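*Asks:* This is the structure, below, for whatever I ask next.
The numbers here are math on the coordinates, done by the rules we state, and not lab data. Please read these numbers as outputs of a predicted model, since none were measured by experiment. Here the Cβ positions follow ideal geometry from the backbone for every residue, glycine too, while neighbour counts run over all protein chains shown.
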Amino acid sequence: MIDLSFCITCMNRIGQIKQTLKKNLDDNKKSKYNIEFILVDFDSKDGLKEYIINNFKKEIDSDYLKFYFTDQLIYWHSPIAKNTSHKLANGKYIVNLDCDNFTGEFGGDWVIEQFKIYGDNIILHQSLNIYGSGTMGRIGLTKDNFMKLGGYDQGLKPMSHQDGDLILRAKAIGLEYKNLNNINFVKAIKNDKKKSLENCYGKINYNNLMKLNMMYSKFSILSGQLVANNHFKDLQIGVLKNINKIK
């Protein structure tokens with residue numbers, strides 16, 4: 001049984017993965033719990049797949065790192081990407097780990113222990129609440145509760161407020177919000193918003209996306225639509241390939 005899954009998504013972010021992935025794997029491999037890392041590559045063109053295959057054979061063979069890739073997402077869409085990685089997770093607890101984030105040493109143990117303290121009906125937010133810190137997406141909850149919420153809302157625009165929307169819906173269905181941002185377990189590589197949007201379709205403005213997504217989210221919640229994606233058959237996109245099964 002997997003206790004916790006760190007869920008990572010990536011499109012053309014090999015520079016960040018090179019800084020974070022090995023460090024995160026090393027920082028959690030001596031955990032007293034059973035932890036896995038799920039990494040989904042959305043058709044990166046920067047050599048990410050080759051880098052993972054050539055450098056993490058031991059972790060892949062042991063199932064500590066489960067690496068998937070797909071060419072079915074042409075342009076970046078954060079809710080779709082995150083839902084895909086979370087759906088693949090096997091852990092009782094699942095934590096979104098943006099590819100520019102660090103868990104900290106024994107960061108998985110710390111997360112599990114918070115659930116032991118506060119119970120499973122919480123949504124754990126490890127954000128530093130500092131604009132530009134890159135930690136807004138550090139959200140953990142049980143996989144059961146994630147599925148009850150329908151995951152991240154894929155009706156949102158491709159970036160911005162998908163994390164806030166998930167938190168607001170979680171609170172609305174009765175989960176207790178816990179913002180616990182122990183500095184030892186929350187660190188990220190800083191990115192500007194232009195970098196965040198570079199794989200999205202067209203020329204878009206982050207602030208405009210924020211306004212549109214906040215309006216959409218508010219309307220959905222006020223309308224009682226607390227479970228997202230009822231009009232989608234599945235939360236993960238098709239044609240995912242598990243690198244463990246490729247000879």
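*Asks:* What span do the alpha-carbon atoms of the range 59-181 cover on each of the three principal axes, reported in whole Å from largest to smallest?
*Replies:* That works out to 40, 36, 30 Å along the principal axes.
*Asks:* Name the residues whose placed amide hydrogens come within less than 5 Å of the amide hydrogen of D41, ignoring near sequence neighbours (fewer than 5 apart) on the same chain.
*Replies:* Under 5 Å from the amide H of D41: Y68, F69, T70.
*Asks:* I've got another one for you. 5 Å is the cut-off here: which amide hydrogens, built 1.01 Å from N in the peptide plane, fall below it relative to L128, excluding neighbours closer than 5 in sequence?
*Replies:* Residues meeting the amide H criterion: T135.
*Asks:* Rounded to the nearest 0.05, what FRET efficiency do D71 and N230 give with R0 = 25 Å and r taken as the Cβ-Cβ distance? Could you check?
*Replies:* Efficiency, from the Cβ-Cβ distance: 0.40.
*Asks:* List I243, I94, I221 from most exposed to least, where exposure is judged by having the fewest other Cβ atoms within 10 Å.
*Replies:* Ranked by crowding around the Cβ, least crowded first: I221, I243, I94.
*Asks:* Exceeding 24 Å between C-alpha atoms, which entries from my cross-link table qualify? They are K178/K203; K49/K157; K58/K195; K32/K82; K178/K218.
*Replies:* Going by Cα-Cα distance, K178/K203; K49/K157; K58/K195; K32/K82 fall outside the 24 Å limit.
*Asks:* If you take the C-alpha gyration tensor of the range 1-133, multiply each eigenvalue by 5 and take the square root, what semi-axes do you get, largest first, in whole Å? Spell out each step's value before the answer.
*Replies:* Values: eigenvalues 109, 60, 41 Å².
Semi-axis lengths for the range 1-133 are 23, 17, 14 Å.
*Asks:* If I stretch the segment between E105 and Y177 completely, what's the gain in nm (0.36 nm per residue apart, minus their alpha carbon distance), one decimal?
*Replies:* 23.5 nm
*Asks:* What fraction of the Cα pairs in the range 4-245, stated in percent, has a spacing above 27 angstrom?
*Replies:* Roughly 29 percent, once rounded to a whole number.
*Asks:* Hey, got the dipole for the chain? About the Cα centre, +1 on K and R Cβ, -1 on D and E Cβ, debye to the nearest 20?
*Replies:* For this selection, approximately 300 debye.
*Asks:* Sorted by packing (mean other beta-carbon atoms within 10 Å per residue), highest first, where do 64-72, 95-103 land?
*Replies:* Averaged packing, sorted descending, gives the order 95-103, 64-72.
*Asks:* Separate question: Below 8 Å, C-alpha to C-alpha, sequence gap of six or more: please give me the relative contact order for the range 4-245 in percent. Let's see the in-between values first.
*Replies:* Numbers: 443 pairs, mean separation 62.5, N = 242.
Averaging sequence separation for qualifying contacts and normalising by length gives 26 percent for the range 4-245.
*Asks:* If you don't mind, there's one more thing I want to ask. Most fluctuating residue of G91, G202, G15 in a GNM of the chain with Cα springs under 10 Å: which is it?
*Replies:* Among G91, G202, G15, the largest mean-square fluctuation in the Gaussian network model of the chain belongs to G202.
*Asks:* In the chain, what % of DSSP beta bridges are antiparallel (nearest 5)?
*Replies:* 30 percent
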